[in-house]
Structure formats: C-alpha cells, structure tokens
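The values are calculated or read from the model by the stated rules, or taken from the named source; none is laboratory data. Worth saying up front: this structure is predicted, and the values here are computed from it rather than measured. All Cβ positions, even for glycine, are placed from backbone atoms using ideal geometry, and neighbour counts span all protein chains on display.
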Amino acid sequence: MNKSLSEVKVLVVDDQPLIVEQLCEFLQSQGHPCVAAHSTEEAIQCYEQDHAIGLILCDLHMPGRDGIELMRALKAMTGQRMFEAIMLTGRAEKQDVIRALRAGFSDYYQKPMDFEELLEGVRRQEQILRERKANLQDLGTLNQRLQDLAGSIDQLYQDLEKARGQGVHRRATDVEEAEGDLPAAFEKLSPRQLEVARLVSKGKTNYQIACELGITENTVKLYVSQVLRLTHMHNRTQLALALTPSSSPVHQRFTTH
C-alpha cells in the first residue's frame, strides 16, 4: 500500500471529536494530511486559512449549520479554487442523500464507516481533483496559445499592409481617408466607444484591445456590444467594413470571402 505523503489536505468535519480524531489518525497513517474541524464555522475558517485543503470529509447532520450549508458556503467562496467533498451520515435517508449530491457532494458513506472503503473513496476523489486541475491548466495553456496565434496573425496582416504601402508608410492622403469623416452611424459614439470600434476595424481581438487600452476583456466586450447596438451593426465584420476604406487590403480581405 502506498503511504507517501499526499500534497492534498483533507478537512475532516464532525461535531463528535472522537470521530474526527479517529478519521484524522487513520488517514494520516495512510499518507493523507488532515485538518480537524468540529463545526461548519470552524471548517470555513480552516478552509480560508489553508489553501492546501482540497478534500472535504464532512458529517451531514451537525448542530447549527449542517454539512449541506457548509458545502454551499465553501462553493460561494472558492472562486477558482477546487475541492471534492464526501458526506458522512448516520441516517442515510434517500432525501438526505439526494440533497447532499445536489449540493455538490461527490460521494457518501454511512456511519459507522469501513475505514478501508473510505480510504479508497478519498483516494478516488483526490485523483478526480488532480484531473480537474490538470484539465484547467491545459485549458489555460490552450487559451494562451490561441491568443498568441491571434497576435501572430494580426502582426502578419500588419506586415502585409506595410509591404503594400498601407502600414506606417502610407501616404498622408491615405491616412486622411482612413481617419476622415465618419459614417453617420458612428457620430453618436463616445470617444472611448469610437476608439474600441476603430481597433475592432483593424482586426484586433478583445484581448489585444484590452491590453492596448488598459481595460479588461469583459469591459471590451461591453463596449463592442454597445457599439454594435448604437450603430445598428450586426457583427464585428460589418463594423470593420464600415470603418475601413474600400481601398484597404483589410476591406478587400473581408469582401472577397
């Protein structure tokens, strides 16, 4: 049996100190570090203070706030933090089990517990937790790669425009054409909304616009939504075409597909 120390701590919550002591002693002997709590309030405090806690082993029926209320409280405060939870109960009534599973418990065991079965359950939930974290990390890596790719494509189009004499080396008359009179639909926009609209017309992604203007992606999405609504445009492509001179390669790129 592998008893190497796990990096994931188990928060053991029960209003009966003897049960908490027995569970902590057994799990720690099997390589699972534990944190003890004897009420929902104490459990919340432990969870806030110790970010190594990733598994919750909790009694369902406790005085005051029960295990389901604890689950709801932890989920409300987790943010991006992940955990898995196992319910313990001395009365395994069907309705209690259903309520607990709906609240977010992944598994349950009836008291008195078979410690070996419980150990298997703890290890199973720990593996699930590790897989969830790995998937989230992979998703973050993929998202970053997509953002890098979008930046590379944008740079490629900029280089192409420069090669055609449409970039920073454009003639003054070309600049005046690009920055001249706005379509009537854009006159009602605020300076910031117009700034976002111009960046959209250059093919910038929300992420790139956010970086350039020093605002969040959600704020960019809000501005884009406002611009589309106020100008009665249906999508970003239509918006880009409206602000891009017909002679521009960007305009030609949109209209030739």
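Observations, loosely collected:
- Qualifying positions in the stretch 181-195 - crowded, with 16+ Cβ neighbours inside 10 Å and outside any helix (DSSP H, G or I): Leu189
- Scanning the stretch 65-80 for residues that are surrounded by fewer than 17 Cβ atoms within 10 Å (Cβ to Cβ) and in a helix (DSSP H, G or I) gives Glu69, Arg72, Ala73, Lys75, Ala76, Met77.
- The set of residues in the stretch 194-226 that are without any contact (Cβ under 8 Å) to a residue 40 or more places away in the chain and β-branched (Val, Ile, Thr) comprises Val196, Ile209, Ile215, Thr216, Thr219, Val220, Val224.
For (1) part of a strand (DSSP E or B); (2) buried (at least 20 other Cβ atoms within 10 Å of the Cβ), each residue gets a yes or a no:
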site: Pro63; (1), (2): no, no
site: Met82; (1), (2): no, no
site: Met87; (1), (2): yes, yes
site: Asp96; (1), (2): no, no
site: Phe105; (1), (2): no, yes
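- Residues that are of a type in the set (A, V, I, L, M) and under 32 Å from the mean Cα position of the chain (by Cα) were ranked within the stretch 90-105; the one that is modelled with the lowest pLDDT is Val97.
- Ile86 vs. criteria under 22 Å from the mean Cα position of the chain (by Cα) and in contact (Cβ under 8 Å) with a residue 12 or more places away in the chain: no
- Residue list for the stretch 196-218, filter: in a helix (DSSP H, G or I) and either among the aliphatic types (A, V, I, L, M) or outside the structural domain of Arg229 (by TED's automatic domain parsing) (or both): Val196, Ala197, Leu199, Val200, Ile209, Ala210, Leu213
- Screening Gln127 on (1) over 17 Å from the mean Cα position of the chain (by Cα); (2) surrounded by 14 or more Cβ atoms within 10 Å (Cβ to Cβ); (3) at pLDDT 85 or above; (4) part of a helix (DSSP H, G or I) shows it passes everything except condition (2).
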